[in-house]
Each structure stands twice: as C-alpha cells, then as structure tokens.
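Report on the following structure.
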Amino acid sequence: MTQQRRIIVANWKANLPPGEEVALAGEIATGLAAQLATTAPHVIEVLLAPSHVGLVAVTSLLRREHPAIGIGTAAQDASATEVGAHTGESPATHLVGIADAVIVGHSERRRERGESDAIVGAKLARIVAAGLRPILCLGDDLIDGGERERAAALSNQWIAALAGAAGLGVDRTALLAAGLVVAYEPVWAIGSGRPATPAIASAAAAAIRASVGSDLPILYGGSVDADGAAAFLASRHDDGGRIDGLLVGGASLSASRFLGIIVATRSAASGR
Ligand code: PGA
C-alpha cells in the first residue's frame, strides 16, 4: 500500500523576531534529523512559515546548514498587487526561489486586515502566476453550526475566492495544477485551545473536496497539539473526509511540541 503524503506546516505568525525564528528553525531541523535517522524521509513534508522579515534568513539557514533534511518554507501571505510602486507590499514573484508555498486567506488577515474573498482570490491568482503553491485557508465561524451550514459556508468562501482569481485570469484548473492545498481552519478553534473534533474536520474536508470537485490535499488547523494530531490524520479517508496534514500555530513555536506533532504524524501514517 502506498503511503499517503502528509504535510505539516508551522505558522509562526508575528510571534518571533527573525533571530529567534532562525534559532527555532535550527532546533526543528536538528530534531527532525534525529527522527529521520530511523524513518523514511519523504512521507512527511514539513514547511516552516516564518514572518516576512525572517523568511529569507530561515530559508538560507535550512539550505546552508540542513540541506539533507528537506524542510521547506512557506510565506504567510503575498500581495494582491503586482511588482511596482506599492510601498510595503510583498509581490508573489519576489517570493520565487525563497518560499516553496504561500499561505493565503488566513482568518487573522480576513478579520484584522479586512481581506475579502475577492482579495484572497486575487492573491491566489498572483501566487499561481508566480509558479508558487498556494495554501488556501477556509474556515467557518459556526461553533454551534451543523454539518450542512458549515459545508455551505466553506463552499461560499471557495466560490468567492475562485471568482476573485478568475478576475485575474486564473481558473480552477490552473489552481489545481499549481498544487493547491486547502487548510480547513475553523475560526473558533484557532488559538482557542479547543480544536475541532476530527469528525467536524473530516466532514469539512469532504465538503471542500465536493465543492472544489477534486481530491486535493486538505489540512486541518486550529489548536493542534501532539496529543490530538494523530486523530485528525486517522480520520475517514475513504469518502473524501481524509485529512492530509496540519497547519500548526501556537504549538509550532516550541521545537519540542512541533517535533511531537511530527512524531504523532509518523505513527498515524505507519499505523495504517
Ligand atoms: P493555532 O493556530 O494552532 O495557534 O490555533 C493555527 C493557525 O492559525 O494556523
């Protein structure tokens, strides 16, 4: 049986100055090297998403000091604008050669920066046009909602983002060809210490796959820690509800907690 590829992303948000991000990346790489000494290297893809100011330094460290470990990096965002006179912006094309992927549409940006689905869609288009892989965050704020309500909310978000991307000439086929990954991140679970249940995450994953019309990779994010990680990854995988990986915020700020999540991911993968 072929092993399912897992994707584990550390989203460091704006928590650490660049020097601490570099130190944390080094600790994670060293810990991962020890794990890899006893396991197959390519079953789990690990991506670190430092702040924009730390991204180049973290990518350089990983390439220079830990090239054999295969840890990649992701940017936490990219601009909806093109290259040009846009003070303070980070165009997607400037991330080429630095980041392997770009997170887009995180709920913190939607909430704090007023990013609409149209803006998220424009960013998706820029990321794909630059040849980078988008990790699109979708999430509901329906803590007490039912499965159908959540599915409708996620579908609406996807359709609106897709329309935004189409406005810049990037369609669904192009998004999928770019390796689109969707992270299901319920707003009520992020940073709350109360993750969604694996059943909720799995139902959301099935709804997203049905809406996108593709068996694309889907991650879960929202208060993930080592003790709950395996349950998400072991959730239903025959009917579209498969969870392929995790987007980790708070627990990724500690090398030992993040490495614990990777250990749990390994055991979930080999227990199949
Ligand atoms: P959290 O963040 O793990 O701290 O809940 C997840 C995220 O926002 O990506």
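Return a yes/no flag: does the stretch 159-175 have any residue that is among the small types (Gly, Ala, Ser), within 15 Å of the ligand (Cβ to nearest atom) and either under 23 Å from residue 141 (Cβ atoms) or part of a loop (DSSP other than H, G, I, E, B) (or both). Outline the logic, then answer.
Applying the first criterion (among the small types (Gly, Ala, Ser)) to the stretch 159-175 yields 160-161, 163-167, 169, 174.
Going one step further and asking which of them are within 15 Å of the ligand (Cβ to nearest atom), we end up with none.
Looking for residues that are among the small types (Gly, Ala, Ser), within 15 Å of the ligand (Cβ to nearest atom) and either under 23 Å from residue 141 (Cβ atoms) or part of a loop (DSSP other than H, G, I, E, B) (or both), one finds none in the stretch 159-175, hence no.
Within the stretch 104-147, track down each residue that is part of a helix (DSSP H, G or I) and within 14 Å of the ligand (Cβ to nearest atom).
Going through the stretch 104-147, the residues part of a helix (DSSP H, G or I) turn out to be 107-112, 117-129, 147.
Passing the criteria: 107, 108, 109, 110, 111, 112.
Right, residue 260: surrounded by fewer than 20 Cβ atoms within 10 Å (Cβ to Cβ), in contact with a helix residue (DSSP H, G or I) (Cβ under 8 Å, 6 or more places away or on another chain) and in contact (Cβ under 8 Å) with a residue 24 or more places away in the chain or not?
Working: surrounded by fewer than 20 Cβ atoms within 10 Å (Cβ to Cβ): yes; in contact with a helix residue (DSSP H, G or I) (Cβ under 8 Å, 6 or more places away or on another chain): yes; in contact (Cβ under 8 Å) with a residue 24 or more places away in the chain: yes.
Yes, satisfied.
When the residues of the stretch 30-82 are narrowed to those that are modelled with pLDDT of 95 or more and over 19 Å from residue 100 (Cα atoms), which ends up most open to solvent (accessible area, probe 1.4 Å)?
Across the stretch 30-82, the extreme among qualifying residues is 30.
Among the residues of the stretch 225-241, write down those that are of a type outside the set (Phe, Trp, Tyr), open to solvent by less than 40 Å² (accessible area, probe 1.4 Å) and over 20 Å from residue 35 (Cα atoms).
At the first step, the residues of the stretch 225-241 found to be of a type outside the set (Phe, Trp, Tyr) are 225-231, 233-241.
Applying the additional criterion that residues be open to solvent by less than 40 Å² (accessible area, probe 1.4 Å) yields 226, 228-230, 233, 235, 240-241.
Answer for the stretch 225-241, where residues must be of a type outside the set (Phe, Trp, Tyr), open to solvent by less than 40 Å² (accessible area, probe 1.4 Å) and over 20 Å from residue 35 (Cα atoms): 235, 240, 241.
For the stretch 19-29: of the residues being open to solvent by less than 50 Å² (accessible area, probe 1.4 Å) and not hydrophobic (A, V, I, L, M, F, W, C), which is farthest from residue 104 (Cα to Cα)? If you could, list the steps in order and put the result at the bottom.
From the stretch 19-29, those open to solvent by less than 50 Å² (accessible area, probe 1.4 Å) are 21-22, 24-26, 28-29; that's our starting set.
Pick out the ones that are also not hydrophobic (A, V, I, L, M, F, W, C) and you get 21, 26.
Values: 21: 20, 26: 25 Å.
Across the stretch 19-29, the extreme among qualifying residues is 26.
Within the stretch 113-124, is even one residue farther than 18 Å from residue 14 by Cα, out of contact with any helix residue (DSSP H, G or I) (no Cβ under 6 Å at 6 or more places or on another chain) and buried (at least 16 other Cβ atoms within 10 Å of the Cβ)?
yes
Please go through the stretch 189-213 and give me each residue that is crowded, with 18+ Cβ neighbours inside 10 Å and not aliphatic (A, V, I, L, M), ordered by number.
Those that are crowded, with 18+ Cβ neighbours inside 10 Å and not aliphatic (A, V, I, L, M): 195, 198, 202, 209, 211.
Out of the residues in the stretch 125-150 that are open to solvent by 30 Å² or more (accessible area, probe 1.4 Å) and among the aliphatic types (A, V, I, L, M), which is nearest to the chain's Cα centre (by Cα)?
Among those that are open to solvent by 30 Å² or more (accessible area, probe 1.4 Å) and among the aliphatic types (A, V, I, L, M), it is 129.
Which of the helices (runs of 4 or more DSSP H) found entirely inside the stretch 184-272 contain at least 2 residues meeting this: more than 14 Å from the ligand (Cβ to nearest atom) and not aliphatic (A, V, I, L, M)?
Result: 198-212, 255-270.
The values are calculated or read from the model by the stated rules, or taken from the named source; none is laboratory data. Being a predicted model, the structure only gives us computed values, none of them experimental. Here the Cβ is made from the backbone with ideal geometry for all residues, glycine too, and neighbour counts use every protein chain on show. The protein model used for the area step is the full one, side chains on, heavy atoms only, and it has no ligands, DNA or RNA in it. Shrake-Rupley method; radii C 1.70, N 1.55, O 1.52, S 1.80 Å.
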